[in-house]
């Protein structure tokens with residue numbers, strides 16, 4: 001999946017994404033398959049609690065490029 005994400009209301013990174021999920025402000029979630037297992041576990045748990053499906057990317061580099069940044073990204077969310 002190499003398509004670029006619309007950057008409108010897109011947040012990138014574990015802390016900001018988890019905060020958005022916990023506060024139920026996220027509408028879409030994105031996760032890199034090669035991110036740390038403990039990040040994936042917590043992220044998926046919060047997505048499930050908020051009934052948000054997770055769109056998966058193969059690598060952190062791929063997700064980072066899709067988010068329009070020059071470094072890898074473990075997770076990202078679109079917010080309301």
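We did not get these values from a lab; they are worked out from the coordinates using the rules stated. Worth saying up front: this structure is predicted, and the values here are computed from it rather than measured.
Measuring nothing but how far apart in sequence close Cα pairs (under 8 Å, 6+ apart) lie, relative to its length, segment 10-79 scores a relative contact order of 49 percent. If you take every DSSP beta bridge whose two residues both sit in the chain, what share of them, in percent to the nearest 5, is antiparallel? Percent antiparallel among DSSP bridges in the chain is about 65. Show log10 I(q)/I(0) for the chain at q = 0.16, 0.18, 0.26, 0.27 Å⁻¹, two decimals, from a solvent-free Debye sum over equal Cα scatterers. Log-scaled intensity ratios, in q order: -0.47, -0.61, -1.29, -1.39.
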